[in-house]
């Protein structure tokens, strides 16, 4: 690419897929792993208050980011706004912190996946499960955007169905059957 050429982005994800990925990203693994502990410690009201407080904080942050993106649509991620409005060093730090947070999140998700499988197959090797999940994830990311988006759509749809079953028919149980 020469200096005179500009890069154009091409949208490869459909609206149906993008909406489902957004919903699935909002749910997260924490809902399935941490809800029981939060309810046990804080009670249902305390857990709802904590979730509502954090939801309000995230809502305010996203509103601010949306305002900046509307006022000044620039190429790049949100660290571009930190670089432009505050200081280039802050944009650099925000970008690396974001990368580190997702690198840690990836490792936590792989461990969470292996823990779920370990529940059904207690004598299996967790490291092998985590590595196999990593290989599948890498393969999806290395394929085309359309393949990735379609796989994410179906995985998020499955996650949404699991969430619905948890809330409508599931019951919270601490697995102590000595009552």
Looking only at the range 1-40, which residues are under 19 Å from residue 143 (Cβ atoms), at pLDDT 70 or above and exposed (fewer than 11 other Cβ atoms within 10 Å of the Cβ)? 10, 11
Top-ranked residue in the range 77-101 [being modelled with pLDDT under 90 and closer than 20 Å to residue 25 by Cβ; ranked as farthest from the chain's Cα centre (by Cα)]: 79
So how many residues does the range 63-101 have that are closer than 24 Å to residue 8 by Cβ and assigned to a helix (DSSP H, G or I)? 13
Sole exception among (1) within 30 Å of residue 8 (Cα to Cα); (2) touching a residue at least 40 places away in the same chain (Cβ under 8 Å) for residue 39, by number: (1)
Can you spot a residue in the range 110-120 that is assigned to a helix (DSSP H, G or I), at pLDDT 85 or above and loosely packed, with under 12 Cβ neighbours inside 10 Å? yes
Got at least one residue in the range 148-157 being in contact (Cβ under 8 Å) with a residue 60 or more places away in the chain, surrounded by fewer than 16 Cβ atoms within 10 Å (Cβ to Cβ), within 20 Å of residue 22 (Cα to Cα) and touching a helix residue (DSSP H, G or I) at 6+ places or on another chain (Cβ under 8 Å)? yes
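The values are calculated or read from the model by the stated rules, or taken from the named source; none is laboratory data. As the structure is a prediction and not an experimental result, all values here were calculated from the model. Cβ sites come from the backbone with ideal geometry, for glycine too, and all protein chains shown count toward neighbours.
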